[in-house]
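Here is the structure we will look at.
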Amino acid sequence: MMDDTTSIETPPRRLTRRRKLLFTVMAVVLVLVGVESLARIGSYLFTGFNPYYLFYGFYSWKSEEGHSEKHKGYFKFPANRVLKFGTPEPARINNHGFRGEDFETSKRADTVRIICLGGSSTFGYTNRDAGTYPVALQNLFRERVPDTRVEVLNCGVPHLNTDHVVAMLQEEILNYSPGVITFYEGFNDASWPLDTTRMQKVMSWLDEYSAAYATTRKAVTKLGGHLHERWNRYRPRMDRTTLLHQRDLHEKMTRANLSAIIELAQSRGVRVVMVKQPVRRVRDLDKESPPSYEEAYRAVTEELDREGGIDGLDATLFIHRALMDVVEDLARKANLPLVDNIAVVDAHPKGLVTQVHLSEEGNARLAEAMFQALAPMVQAASKSDKTD
């Protein structure tokens, strides 16, 4: 007997375009997460279980090396550490993540607090703890103004540029109730080309936050190739158009940031002292009698006029010179004291031991010049505190 019931197969359910797209995106994300995880774990194991690479770019890990303490827009050292690299002797990092002795967040009422802002030249990368210019400045106040309690804090961190200094000032430094801040920087703004395309900005972000990208970049570099990174140097040869474009971008960035620093400080009644920073060309480092800052700059501009371009290593000086003009211009317009350490080093060329870092003797001379500018301000701040 025939069965009247007819078997009908249900056709397979087809995925909608939206679902296909969703699954594709999920698959890509999973692959990327897997690659990133492998890169982090591999780097962690390869570097002897260094947690910095395990939490690359996202986590403030308390390691003994490196300024891996990330904050809102800036970075510094983990607190209460001893750095065992890069300085002539181990460097002490205090309870706030800066170099030097511990200090209290709340300032004593009878104290004038001076905070020195900058990069590795302020930190004292080539100096002992006792040989930085903030320490030398502290000693001068103790010797010459014993009746006024002055506290000098070294808040310089290697690689800080003016973007980072603005963020640090806003998020942290002003909370320490400084009476005066000093600014000594320019090299870190001038040393690296600024991103000019959207792709470069994306690649810079990946280089900072993705261990997979950073690992790939290093591998490509070893093979003779190149991938963009945040810390790219200038091209081996810089043509006039590219160089002038970079100069204009750097001037705009530095002017905006220094204006913000001055405005933030003055809005809180904090006095500001600007310091011009010397820089030497790489080719002049080993010369017995190196040219002055202006002589080296003139040589670079003459080559630019003659050849239509300059060596990429000289681009830093060319752009730095423009930034020092910005420092001088803003100091004049805001009626701020300006300490010219370029002139100080030109008078004592051996005071500059690298392209930008000072010897301890150079720091002592800078501290003397800063003391002359700061002493009247400290006296005024001390009277203001007593009145308040």
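Just subtract the alpha-carbon distance of residue 256 and residue 19 from 0.36 nm times their residue separation and send over the number in nm, one decimal.
Length gained, residue 256 through residue 19: 80.6 nm.
Given a Förster distance of 30 Å, report the FRET efficiency between residue 147 and residue 295 from their Cβ-Cβ distance, rounded to the nearest 0.05. Mind dumping the intermediate values first?
On the way: r = 44 Å, r/R0 = 1.46.
Rounded to the nearest 0.05, the efficiency is 0.10.
At a 1.4 Å probe radius, carbon and sulfur cover how many percent of the accessible area of the range 282-335?
41
What nm distance separates the two modelled labels at residue 102 and residue 71, each placed 7 Å from Cα along Cα→Cβ?
Label-label distance for residue 102 and residue 71, simple model: 1.9 nm.
Return the sequence-ordered ³J(HN,Hα) values of the range 183-188 in whole Hz as given by the Karplus equation 6.51 cos²θ - 1.76 cosθ + 1.60 applied to θ = phi - 60°, using x for Gly and Pro.
10, 9, 6, x, 4, 5
For 151, 302, write out the residues from largest to smallest accessible area, computed with a 1.4 angstrom probe and no ligands counted. Intermediate results must be reported in sequence, preceding the final value.
Working: 151 40, 302 105 Å².
Ranking 151, 302 by accessible area, largest first, yields 302, 151.
Among the DSSP beta bridges whose two residues both lie in the chain, what percent are antiparallel, rounded to the nearest 5?
Numbers: 10 of 31 bridges.
Roughly 30 percent of the beta bridges in the chain run antiparallel, per DSSP.
Take the alpha carbon gyration tensor of the range 168-305, find the square roots of its eigenvalues, order them as a ≥ b ≥ c, and report rounded if a/c is under 1.5; if not, report prolate when a/b exceeds b/c, else oblate.
It comes out oblate by the Cα gyration axes.
So what's the back-of-envelope 222 nm ellipticity for the chain, counting only DSSP H runs of four-plus at -39500 (n - 2.57) apiece and dividing by all residues, rounded to 500?
Computed mean residue ellipticity for the chain: -15500 deg cm²/dmol.
Of 19, 306, 149, which is the most mobile in a GNM of the chain whose springs link Cα atoms less than 10 angstrom apart?
19
Highest first, please rank the peptides 124-134, 251-261, 221-231, 76-86 by the mean number of other Cβ atoms sitting within 10 Å of their residues.
124-134, 251-261, 76-86, 221-231
Report the residue, chosen from 99, 271, 144, that carries the largest GNM mean-square fluctuation when the chain is represented by alpha-carbon nodes joined by springs under 10 Å.
Of 99, 271, 144, the Gaussian network model singles out 144 as fluctuating most.
Which label marks the calculated value of volume of the Cα convex hull per residue in Å³, given the options (i) 145; (ii) 133; (iii) 232?
(iii)
Test of understanding: in a Gaussian network model of the chain with alpha carbons linked when under 10 Å, which of 33, 345, 152 would top the mean-square fluctuation ranking?
Evaluated over the chain, the most mobile residue of the options is 33.
Where only protein heavy atoms count, and the probe is 1.4 Å, what is the accessible area per residue for the chain in Å²?
54
Order 207, 147, most accessible first, counting only protein heavy atoms with a 1.4 angstrom probe. Could the numbers behind the result be given before it?
Numbers: 207 10, 147 145 Å².
If we order 207, 147 from most to least accessible, we get 147, 207.
For the range 273-388, just say rounded, prolate or oblate: build the C-alpha gyration tensor, square-root its eigenvalues into a ≥ b ≥ c, call rounded for a/c under 1.5, and beyond that prolate if a/b exceeds b/c, oblate if not.
Taking the square roots of the gyration eigenvalues as a ≥ b ≥ c, the range 273-388 is oblate.
Would you please give the FRET efficiency between residue 248 and residue 197, computed as 1/(1 + (r/R0)^6) with r the Cβ-Cβ distance and R0 = 25 Å, to the nearest 0.05?
Step by step, r from the Cβ atoms, then E = 0.95.
Suppose R0 equals 41 Å. What FRET efficiency, 1/(1 + (r/R0)^6) with r the Cβ-Cβ distance, do residue 332 and residue 232 give to the nearest 0.05?
0.80
Hey, what angle do you get for helix 360-387 against the long axis of the chain, alpha-carbon based, 0 to 90 degrees rounded to 10?
Here the helix axis deviates by roughly 80 degrees.
Using alpha carbon coordinates only, what is the Rg to Rh ratio of the range 52-187, with Rh defined as the Kirkwood radius?
Taking Rh as the inverse mean 1/r over Cα pairs, Rg/Rh reads 0.96.
Based on the inverse mean of 1/r over its pairs of different Cα atoms, what is the Kirkwood hydrodynamic radius of the range 336-379, in Å?
10.9 Å is the Kirkwood radius here.
Using only Cα atoms, locate the centre of the range 139-172 and the centre of the range 278-346, then give the distance between them in Å, rounded to an integer.
Here the answer is 25 Å between Cα centres.
The values are calculated or read from the model by the stated rules, or taken from the named source; none is laboratory data. Because the structure is predicted, anything quoted here is derived from the model rather than measured. A quick note on method: Cβ atoms are made from the backbone with ideal geometry, for glycine too, and the neighbour counts reach across all protein chains shown. Ligands, DNA and RNA are excluded from the accessible area calculation, which covers all protein heavy atoms including side chains. Shrake-Rupley method; radii C 1.70, N 1.55, O 1.52, S 1.80 Å.
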